[in-house]
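Bear in mind that the values in this text are calculations on the coordinates, not laboratory data. These numbers were taken from a predicted model, which means no experiment stands behind them. Here the Cβ is made from the backbone with ideal geometry for all residues, glycine too, and neighbour counts use every protein chain on show.
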Amino acid sequence: ENSLQKTSYSYTIEPGDIFNSPYALNLSSFSKLIKRLQATHPEASRDQIVEAIQQVRKNNKGMLCGLAISTIEERTSVIL
């Protein structure tokens, strides 16, 4: 019998674990984004940048998917 079984997943997002979610950036994109934001905002620490990216995700209904990297960068810059 071929039947599809629905599976439910629960994800907990911890500070600094921004890319451990199905709704987040992959590691390569995340690293590039951090580097670009560090260049744009040298006064901000890496932790501050990560917190700002998390705020962007929170403001976007808990997801980053569907947002262009440039959009995430712009929205993060506003927060920083």
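Loop only by DSSP, 16 or fewer other Cβ within 10 Å of the Cβ. Give me the trypsin sites (Lys or Arg not before Pro) in the range 42-80 that pass, ordered by residue number. Could you put the intermediate results ahead of the total?
Values: sites: Arg46, Arg57, Lys58, Lys61, Arg75; in loops: Lys61.
Here the trypsin sites (Lys or Arg not before Pro) that fit, given the DSSP loop and packing criteria, are Lys61.
Of the GluC sites (Glu not before Pro) in the range 32-80, which ones lie in a loop per DSSP and count no more than 12 other C-beta atoms within 10 Å?
On the way: sites: Glu43, Glu51, Glu73, Glu74; in loops: Glu43.
Passing sites in the range 32-80 are Glu43.
Report the Cα-based extents of the range 27-79 along its three principal axes, largest first, to the nearest Å.
So the extents along the principal axes, rounded to whole Å, are 28, 20, 16.
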